[in-house]
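Okay, so here's the structure we're looking at.
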Amino acid sequence: MRLVGFSILFYYISISQASFHEQYRVPKTCTEKWESYVYNNKEYIIQNLGLTWENAKILCRGHQNGTLAILDTKEKAEFVAEILSESQLPIESAWVAARRSSSDDPGGYRWPNGVELPRTSMDILSSSDSEGEGTKHFPLWLNRTHVPVPEGGADCVSVERVHHDHPVFVDLQCLLERPFICERDIQEDIPVKEMKVVRCHSGIYRLFDGRLDWHQAAAYCVLNKMSLANIGSMRCLKKLGMTMLKTRPSVETAWIGARGELGHWTWVDSGVNIFQLPAYTDATGVQWPPIRDRSDVKQSGCLQLDRHATHPPIFMEARCERKMRFICYQSGQINLGQPLSDDNRYYVLIRQRLYWQHAYDNCLRMNGSLASIDSSDTLTQLLLAMGEDRDEPIKHIWISGRLNMSKDSFDAVTYYWQNPYNGRKIHHPLLNKDSSLMSYMPPWLEEEFSMDSSCLNLDRQEHLNGLVYGMPCDTPQYSICVIEKALRQATIESTTESS
């Protein structure tokens, strides 16, 4: 797995003690999405990514460990306008940190440090200023005489350029999507490296060595197409604790993916309360969550996995600003509080690429079975689970079926598909000519039988159109487990009684 490291994302430029016109450098390296410049011990990162003002503020905080740019002096504003003029990014305007709460706000536009950004008639760029004389004034606002103020108000501020490299502020609706400029203190690069990998039924967990605060750790996981760890079983908790102990150097605490606000603690990837018993778990209500002290849970903070004096480890609240190692994970199943279901069964999408046999065994460990198609209703449920009404639908999954071959005494070869979970043969148009004797015929691809493609695959074509065919069994892909509702309830009750 290719990881995006912080050392790649953060590019630092040394500067000389000269006038501000000489203190920036066009980056020697850049991407289509960002460029980085330094001025007076501050790093300014131009992000060519269209976001609302609020989302830009969040990304500057969590990803860049900074704020939207605070241009509260003429020198800072001129520096930013000049780097925008030299930038290779096609940016006309970019969000900065100033805003007001509403048009009725008596404080007007202000920077986060409390400094006012005045906007009077004297601060408006004259439409007749063709020579740029007015650009010596600070602050300077764009003349909106011919640009109507939107109904939603113009409470957020962006910076643009006039006369090539002179700054001018523009008041815009906060919900507009614009590039943005982050600002942060010049800092040392933070090396991050993977220490260990732990596999659980719920997914793959990766322990990282890198002293980051909770927000930085969460951003690192997201950038690498993961999330901070969501832990849902005692067995997985113990495996993670043992891995932390046996890693060298040993790891005593690590960030995981839950936060608390006003006493409400939730997993960030799902929004589910951490006190809610997970849908598929070996824990009982008495055991879950394994938190430090249920009677005295802190009102806010971030969650860490702590193994200082206990085994298995426990969840413990901590200040989000603390620096520590962290655990990312790739979910092995859909995480929506409750999976897709009908009257009798749950359909759990396993978002982990497995070989067919591994997918089959994984479903058995979940007290279920690899999905099989025994009716048109079941096919519809599987296709829905694969991604109906989602941004990124899954196109291929393993289902329960293996191709078998037999020979008679005359060496005549016979093929047939069989569901290994219940031993039943799966109807196929080349093998079952009399459709009146069949309960259901899956939507097969017309192809010849081949033992090189002896494991059954379901494709989602368009909307709710399915296609079934054989694939090589060592192809890694997603799968769906089917779990009977009565069996799941019995399993939970049995676990509760035995405890």
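Quick notes on this structure:
- Placing R0 at 35 angstrom, the Cβ-Cβ distance between SER406 and ARG235 gives a FRET efficiency of 0.30 after rounding to 0.05.
- Spatially, the stretch 242-262 and the stretch 357-426 are offset by 38 Å when compared through their Cα centroids.
- When each of GLU82, GLU321 is scored by the number of other beta-carbon atoms lying within 10 Å, the sequence from fewest to most is GLU321, GLU82.
- Applying a DSSP loop filter and a limit of 11 other Cβ atoms within 10 Å to the chymotrypsin sites (Phe, Trp or Tyr not before Pro) in the stretch 367-426 leaves PHE410.
- Order of LYS33, LYS239 - criterion: other Cβ atoms within 10 Å of each residue's Cβ, fewest first: LYS33, LYS239
- If a spin label sat at a point 7 angstrom from the Cα of ASP474 along the line to its beta carbon, the backbone N atoms of the stretch 349-368 nearer than 16 Å would be those of 354-359.
- Put simply, the amide H of ILE274, placed in the peptide plane, has neighbours under 5 Å in TRP265, THR266, TRP267, leaving out anything fewer than 5 places away on its chain.
- Residue pairs exceeding 19 angstrom between C-alpha atoms, taken from LYS74/LYS136; LYS196/LYS246; LYS33/LYS323: LYS33/LYS323.
- The stretch 193-331: C-alpha pair distances exceeding 19 Å, %: 44 percent
- In this structure, the pairs whose alpha-carbon distance is over 24 Å, taken from LYS238/LYS485; LYS193/LYS225; LYS42/LYS225; LYS225/LYS298, are LYS238/LYS485; LYS42/LYS225; LYS225/LYS298.
- Length available on full extension from THR284 to LYS485: 0.36 nm per residue minus the Cα-Cα distance, which gives 70.6 nm.
- Modelled FRET efficiency - R0 25 Å, THR120 with GLU54, Cβ distances, 0.05 increments: 0.40
- Shown here for the stretch 180-222: GluC sites (Glu not before Pro) in loop regions (DSSP other than H, G, I, E, B) with at most 15 other Cβ atoms within 10 Å, namely GLU188.
- Amide H contacts under 5 Å for CYS320: CYS302, restricted to partners 5 or more places along the chain or on a different chain, H placed in the peptide plane at 1.01 Å from N.
- If the segment from LYS136 to ARG322 were pulled out straight at 0.36 nm per residue, it would be longer than the present Cα-Cα gap by 62.6 nm.
Every number in this text was worked out from the coordinates using simple rules, so none of it is lab data. The structure displayed is predicted, hence computed values, not measured ones. When we count neighbours, we look across all protein chains shown, and the Cβ atoms used for this are built from the backbone with ideal geometry, even at glycine.
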